[in-house]
1. What relative contact order, as a whole-number percentage, does the chain give when Cα pairs under 8 Å and 6 or more residues apart are counted?
2. Could you tell me the calculated FRET efficiency between E51 and K189, based on Cβ-Cβ distance and R0 = 22 angstrom, to the nearest 0.05?
3. When the helix-only estimate is applied to the chain (DSSP H runs of n ≥ 4, each -39,500 (n - 2.57), divided by the residue count), what is the mean residue ellipticity at 222 nm, nearest 500 deg cm²/dmol?
4. What is the distance in Å between the Cα centres of segment 149-179 and segment 239-269?
5. Please report, in debye to the nearest 20, how large the charge dipole of segment 88-265 is about its Cα centre when each Lys and Arg carries +1 at its beta carbon and each Asp and Glu carries -1 there.
6. Would you kindly calculate the mean projected area, averaged across all directions, of the convex hull enclosing the Cα atoms of segment 8-90, in square nanometres?
7. With every atom except the alpha carbons ignored, what do you get for Rg and Dmax of segment 188-269, in angstroms?
8. Please give the length that would be gained between F175 and V12 if that part of the chain were fully extended, namely 0.36 nm times their separation in residues minus their C-alpha to C-alpha distance (nm, one decimal).
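Values in this text are rule-based calculations from the coordinates and carry no lab data. Quick caveat, the model's predicted, so the values are computed rather than measured. Positions of Cβ are generated from backbone atoms using ideal geometry, with glycine treated the same way; all protein chains shown enter the neighbour counts.
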Amino acid sequence: MIFQLEDSTILVVQQRVSSRAKHLGIRMTNHGELSLVIPQRMARGNVSNDELYRFLEQHRDWIQKTYRRQLPLIKAHKDSEKQGLPKELVFECLRERWQIEYQETEEECIKAELNFLPEHNDYTGRYKIWGNINSIELCAAALRHLVAVCAQEKLVLYARDIAENIQRYHKSLGFQAKLPKEIKIVDRKTTWGTCSRDGLIKLDCKLLFFPEAQARQVVLHELSHLHEHNHSERFYSLLYSLPGSSKINEKANRKATIFIPAWYLLPKP
């Protein structure tokens, strides 16, 4: 199914049946496709394409405004697609640079091996992927594994270090800052981080692709929620008082999807 905008731009419409959805829903992906969510009960009744098109037409204004707003993200995604699979990965907040090697073999699956290199080397380590490297989806899955490993091992330490520095900073001002009860790494589709009322902070592993200042901003944002579990003026006053925090980075993180490479967003094999 396709949907044509007023400027003749053609959008691909993907249909997804959901057991949780109660009504028809629509969202736009960061690479410019429409995702039409169809409740399971409607799918059982064989909802017609005419009904779906009417629903899209009813939301034409929203679709066109959202497409225009997301054009920079869509362009960044297309540019990333053209670049293909990476020959290196740079995780700025960890100060790490990984060399990626691909080797084609007769195996149908993909295998990968991670090796750290001596400190004086240009790279932190080498990540070798071999097997059916003609399958972009399989290679992307192997690359996502490297991201997950680095995030689980070191992004937690990065965030913990920021939290402890902020605590020392507040102590010097006579204020007792809270430390997170626990920091977990997740792979989310929406927010870059969350903070529960009991002090559990969850950070998205894709923060590794962010510029360091913006990754730090996400951590500072969630640390501020330890004191103000809302987005009130008091929350932002606290957030922007922290060293390294800025309104510019906070605003930039709303469009930080541009830092996520296209291969990371490929469907899992």
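1. It rounds to 15 percent for the chain.
2. Efficiency, from the Cβ-Cβ distance: 0.25.
3. It lands at -11000 deg cm²/dmol.
4. Between the Cα centre of segment 149-179 and that of segment 239-269, the gap is 19 Å.
5. 1020 debye
6. Average projection, Cα convex hull of segment 8-90: 7.6 nm².
7. 13.5, 45
8. Using 0.36 nm per residue and subtracting the Cα-Cα distance, I get 53.4 nm.
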